[in-house]
Number of protein chains: 2
Amino acid sequence: MEKNRVEQITNMDVDFAQWYTDVVLKAELVDYSSVRGSMIIRPYGYAIWENIKNALDAEIKETGHDNVYMPLLIPESLLQKEKDHIEGFAPEVAWVTHGGNEELAERLCIRPTSEVLFAEHYKNIIHSYRDLPKLYNQWANVVRWEKTTRPFLRTLEFLWQEGHTCHETEQDAHEETVKMLDVYADICERVLAIPVIKGQKTEKEKFAGAEYTYTIESLMHDGKALQSGTSHNLGTGFAKAFGIEFLDREGKLQTVHQTSWGFTTRIIGAMIMVHGDDKGLVLPPEVAPTQVLIVPIAQHKEGVLDVAYALQHALKSKMRVGIDASDKKPGWKFNESEMKGIPIRLEIGPKDIEENKVVLVRRDTGEKIAVEQQNLETEIPRLLQEIQKNLYDKALQHRLTKTNTAATMEEFKDTLLAEGGFVKAMWCGKESCEDQIKEETQATSRCIPFDQELITDTCVCCGEKAEQLVIWAKAY
Amino acid sequence: MEKNRVEQITNMDVDFAQWYTDVVLKAELVDYSSVRGSMIIRPYGYAIWENIKNALDAEIKETGHDNVYMPLLIPESLLQKEKDHIEGFAPEVAWVTHGGNEELAERLCIRPTSEVLFAEHYKNIIHSYRDLPKLYNQWANVVRWEKTTRPFLRTLEFLWQEGHTCHETEQDAHEETVKMLDVYADICERVLAIPVIKGQKTEKEKFAGAEYTYTIESLMHDGKALQSGTSHNLGTGFAKAFGIEFLDREGKLQTVHQTSWGFTTRIIGAMIMVHGDDKGLVLPPEVAPTQVLIVPIAQHKEGVLDVAYALQHALKSKMRVGIDASDKKPGWKFNESEMKGIPIRLEIGPKDIEENKVVLVRRDTGEKIAVEQQNLETEIPRLLQEIQKNLYDKALQHRLTKTNTAATMEEFKDTLLAEGGFVKAMWCGKESCEDQIKEETQATSRCIPFDQELITDTCVCCGEKAEQLVIWAKAY
């Protein structure tokens, strides 16, 4: 590239939204196209998604699920079979009305999610308790007609996996709902270094058609929350609407209990906003397409490039290691590797070669570490683990700092104004209070956390008796 | 399952089309849904696709390509930018006219292929020869509004990968076109055990918007051909329409040269029709989700299941090994594993355990082989290789038997009537002869093979001077 790709980005504390846009473009994660609200996921962004996808897919398979693929298009009559579902999704689907040059007799929507397709299929293939459980997952694109969009966070089209399962009993479906939420939490915490809070969505915020929705919520650098994965117990709603029945162990006809759960490219937006800084992206080593970038210093000098390539060759079975042997100046290469969030930069020049060492530079702390060449194979993997852990710890510390309690609406507003972040406050359970809190503070209920505390015994909003702690925040 | 899943399937020589439908349903590769012309790819079918995809994705990456993801929806004005392209695809696209409750100002088509989206992006990101080549690929779903559909072979929606590249020179683009055709041929021959013929499509059959199209063609059991992968040299057509220009090494503005190439779920249909038999699927070991199925005999007897599970445990790091410990009768398990095309069945009963051996049964030949337990780790991988090779050899032998030459239209019709298969015949190059041959014989030009022969020196149709050998066949 003749053009300097590492231009100044907006300072995150000056304009966080602009910082985000600058980073996704300058780190070459995405590009815009003439398709409104959609994004092009560029090689660097897609490689991150592939790493996330591979980690999650492995866990989905290990927990006994099979991948399948359902049609993209859903006939309107099929979508309408479950009442709450169609009500929730109708305002945000894209409609196909013509195929080739002909108008269709029935219009088709592009799947916003695939519950109804799975339900129809399950009715066909489930007859006996011996056919249960059915544990299916699909990796797919979905479309939701959003008005305002931002790369990864909210786009007309996004990529995700959606799990859909059928079970003999209510208890089995409940356990599945919990299990898959745990899988999502593990991917966030272990792979993406994003700490999450597990909890249940309120009735108002649950999935259209679900009995209840479990969620993991994470906190961004700017103090706003992001829903990072949801797992729904669908109960028997879809099953009754579609007639998914089976003969149980006593020979009686029963209705199956269902779950569904989804995890999307949105999480890349979370990863950017949790770990990024004023130099650009900061990638957790587990998902970084390049974990170590070798930057030769004074590469025109004899032997430097040879040693650099030899190092890459020696290390590549142990880590994802790249080399920047372009004719750009080292300073530019440093900036670029920082913008791209590469966890470790490995500098090697004539003097290092003489001393049989290299310099490792950590992206997360900026720390420079001289390491003897023969120790790299053990030292780099150790350091990558340390970086992964440090990113998690920092994010957790940030969340703890930005989590406050409120007993009154005054406290609620004050803490939100001062800190942003999560506000823990008691709630009476009435939707009217939820609505009022949103109106007065712009904060929404993120979840009723599994880990409950008793802050007061009255609702933060109406002052009536309250037994539930809710976590509130402004959210993406 | 209480229902017997292994029901009689139609004999392939009685009704090949019905045999095919029976196999895809009874082997549980697909199911129908209420979405016309689309299919549900069930776990067994999708696991096969994942194996094919993983093999191809590895080769695409090894040859230096990056995966990206482009939007699903294309504005009509963008699709219209390249004239031949829109003409070719307009009759078969699905149109989105409404988003949510609003009518769109401009309708959007669901991508039938993504040349225009890549072209628009390339215009944005290519400025200099230093930005070239750009070697991108995407895994995606596409929609083409087909009138008559059949699972895998022709569906409204299908899954594929589409490669899109930009190059400095005509020569570079040509080499890429050849290279990716070779990758497809390798996947077909090495992984799917399907022999292919490489060649060029005629002008009439080439991709809408391409300079020329290379193809690999394979022959099904019933003597009909199937186009198995195509690689297009797009020349500068899209690049000129979209203005994809770069400063070359001399500082002069040049237009890039492009290619595109695609490989689809259709290949699963080919695999079924090349290798299958009257008992059902026959899977090449390279793509079989289960390569070896352990069937315990007299499994109620003490120790049998323990030994069977111990065997599975011992073998699973070396192969994909399953076990059928259900309470079905062994005979049913045999039928089912044959229907599903599992390459090797491993039978183990009390007598085998006493003698410290097992019986291996080959799906491709029916051969039974007694093997000592301690030799399984080496014997099974060897046998899987032998089966893979045997399937390829049998398919090649079948194709050779069904390939004939014709010097006259009488010979052409006679051989097609008697044998079906490929007909090699000389062609003058006129589209009118191609049309006439199709009208008289229903055969289409499959390709102008790279390996040319001189059969006569006159066109099989018009009798005029002809220098090109063309391979003709009735085709899927």
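The values are calculated or read from the model by the stated rules, or taken from the named source; none is laboratory data. The shown structure was predicted, so the numbers you read here are calculated from the model rather than taken from an experiment. Using ideal geometry, Cβ is built from the backbone for each residue, glycine included, and neighbour counts are taken over all protein chains shown. For accessibility, only protein heavy atoms count, side chains too; no ligands or nucleic acids. Shrake-Rupley method; radii C 1.70, N 1.55, O 1.52, S 1.80 Å.
Miscellaneous remarks
- Residue count for the range B:40-69 satisfying the condition of being open to solvent by 10 Å² or more (accessible area, probe 1.4 Å), aliphatic (A, V, I, L, M) and closer than 23 Å to B:Thr148 by Cα: 0.
- Residue list for the range B:393-412, filter: open to solvent by 50 Å² or more (accessible area, probe 1.4 Å), among the charged types (D, E, K, R) and under 18 Å from B:Glu189 (Cα atoms): B:Asp393, B:Lys394
- The single condition among (1) open to solvent by 30 Å² or more (accessible area, probe 1.4 Å); (2) aromatic (Phe, Trp, Tyr); (3) within 8 Å of chain B (Cβ to nearest Cβ) that A:Tyr32 does not meet is (3).
- Which listed residue, of B:Ala193, B:Ala105, B:Ala185, is within 13 Å of chain A (Cβ to nearest Cβ), among the small types (Gly, Ala, Ser) and either within 30 Å of B:Ile387 (Cβ to Cβ) or not in a helix (DSSP H, G or I) (or both): B:Ala105
- Those residues of the range A:285-313 which are in contact with a helix residue (DSSP H, G or I) (Cβ under 9 Å, 6 or more places away or on another chain) and either free of Cβ contacts under 8 Å to residues at least 24 places away in the same chain or polar (S, T, N, Q) (or both), in sequence order: A:Thr290, A:Gln291, A:Gln299, A:Glu302
- Against the list (1) at pLDDT 95 or above; (2) part of a loop (DSSP other than H, G, I, E, B); (3) surrounded by fewer than 20 Cβ atoms within 10 Å (Cβ to Cβ), the condition B:Met1 fails is (1).
- Of residues in the range B:127-162 being part of a loop (DSSP other than H, G, I, E, B) and facing another protein chain (nearest Cβ under 10 Å), the one farthest from B:Thr259 (Cα to Cα): B:Lys147
- Some residue of the range A:72-79 being surrounded by 17 or more Cβ atoms within 10 Å (Cβ to Cβ) and away from chain B (no Cβ under 12 Å): no
- Checked against (1) over 16 Å from A:Leu281 (Cβ atoms); (2) crowded, with 19+ Cβ neighbours inside 10 Å; (3) more than 14 Å from every other protein chain (Cβ to nearest Cβ), A:Gly37 passes all but condition (3).
- A:Lys240 in a helix (DSSP H, G or I) and surrounded by fewer than 17 Cβ atoms within 10 Å (Cβ to Cβ): yes
- Test for B:Lys204: is it surrounded by fewer than 18 Cβ atoms within 10 Å (Cβ to Cβ), more than 19 Å from B:Val470 (Cβ to Cβ) and not aliphatic (A, V, I, L, M): no
- Between A:Leu396, A:Leu315, the distinction of being under 30 Å from A:Met426 (Cβ atoms) and among the hydrophobic types (A, V, I, L, M, F, W, C) belongs to A:Leu396 only.
- Candidates are the residues of the range A:246-259 that are in contact (Cβ under 8 Å) with a residue 40 or more places away in the chain and among the charged types (D, E, K, R); the one that is least open to solvent (accessible area, probe 1.4 Å) is A:Asp248.
- Scanning the range A:119-136 finds no residues that are surrounded by 18 or more Cβ atoms within 10 Å (Cβ to Cβ) and farther than 30 Å from A:Asp248 by Cβ.
- Residues that are touching a helix residue (DSSP H, G or I) at 6+ places or on another chain (Cβ under 7 Å) and without any contact (Cβ under 8 Å) to a residue 60 or more places away in the chain within the range B:13-57 comprise B:Asp31, B:Ser33, B:Ser34, B:Ile40, listed in sequence order.
- Residue that is nearest to the other protein chains (Cβ to nearest Cβ), among those in the range B:80-94 that are open to solvent by less than 20 Å² (accessible area, probe 1.4 Å) and part of a helix (DSSP H, G or I): B:Phe89
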